[in-house]
1. In this structure, is residue 87 surrounded by 11 or more Cβ atoms within 10 Å (Cβ to Cβ) and assigned by TED's automatic domain parsing to the domain that holds residue 126?
2. Run down 78, 109 and say which single residue is within 26 Å of residue 49 (Cβ to Cβ), loosely packed, with under 13 Cβ neighbours inside 10 Å and at pLDDT 90 or above.
3. Being more than 17 Å from residue 17 (Cβ to Cβ) and either modelled with pLDDT of 95 or more or part of a loop (DSSP other than H, G, I, E, B) (or both) narrows it down to one of 64, 96, so name that one.
4. Considering only residues that are assigned to a loop (DSSP other than H, G, I, E, B) and under 16 Å from residue 80 (Cα atoms), which ones fall in segment 99-119?
5. Pull up segment 35-56, narrow it to residues that are touching a helix residue (DSSP H, G or I) at 6+ places or on another chain (Cβ under 8 Å), over 11 Å from residue 5 (Cβ atoms) and in contact (Cβ under 8 Å) with a residue 24 or more places away in the chain, then point me to the one that is surrounded by the fewest Cβ atoms within 10 Å (Cβ to Cβ).
């Protein structure tokens, strides 16, 4: 684990929201000016491969950008406002029950869930 990889992981884990690769690189360069974009992309690929981060497209509200977040123990949904671009996370015990039902009825072991809903947030309605 190199210093630069540790730095990138720390930035992802401490981010207030979801970061894209360019934002990750810019934040990391503020602490280590020698860090290059190739290292960021390679590290993101490695972290995804090992299940430490999730890659999200968040309804492609900002074009084809992909965003990254640290993988959590509990799955959650992303609610994307198609007007202002605000992203909210939502967790529910009902979602956990639905996953259990899917696993039982289809005999399918769920490893990863990525679910996004696009609509209008409370600020943009009306």
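1. Spelling it out, residue 87 is indeed surrounded by 11 or more Cβ atoms within 10 Å (Cβ to Cβ) and assigned by TED's automatic domain parsing to the domain that holds residue 126.
2. 109
3. Within the list 64, 96, the selection yields 64.
4. Listed by number, the list holds a single entry, 114.
5. 54
The values are calculated or read from the model by the stated rules, or taken from the named source; none is laboratory data. Quick caveat, the model's predicted, so the values are computed rather than measured. Here the Cβ is made from the backbone with ideal geometry for all residues, glycine too, and neighbour counts use every protein chain on show.
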